[in-house]
Amino acid sequence: MRKLTSLMLTGAIMMGFGIGISGCSDESSEKATVVTKTPEGTTKQTTEVKTQTSGENPPTPSKAP
């Protein structure tokens, strides 16, 4: 009985680690790079946008119920 309990507890802990490591984070980001060719050479502009997913910016409500 102790082995069964410890096996189930170990499985639950491993499942928790798997969910935690798999990418459940509070923010996501998007990176965009624009390369422009000019007569003097090329210029590179990088823009990064971060989005909080903790409920600070909830999704817009849908029109259909």
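The values are calculated or read from the model by the stated rules, or taken from the named source; none is laboratory data. Just so it is clear, the structure is predicted and the values come from calculations on it, not from any experiment. Cβ sites come from the backbone with ideal geometry, for glycine too, and all protein chains shown count toward neighbours.
Here are the numbers for this structure:
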{"read-out": "Lys63 being assigned to a loop (DSSP other than H, G, I, E, B) and either of a type in the set (D, E, K, R) or modelled with pLDDT under 85 (or both)", "value": "yes"}
{"read-out": "Residues being closer than 30 Å to Lys44 by Cα and either modelled with pLDDT under 70 or surrounded by 10 or more Cβ atoms within 10 Å (Cβ to Cβ) (or both) - total across the range 24-33", "value": "4"}
{"read-out": "Residue within the range 34-51 that is in contact with a strand residue (DSSP E or B) (Cβ under 7 Å, 6 or more places away or on another chain), modelled with pLDDT of 75 or more and among the acidic types (Asp, Glu) present", "value": "yes"}
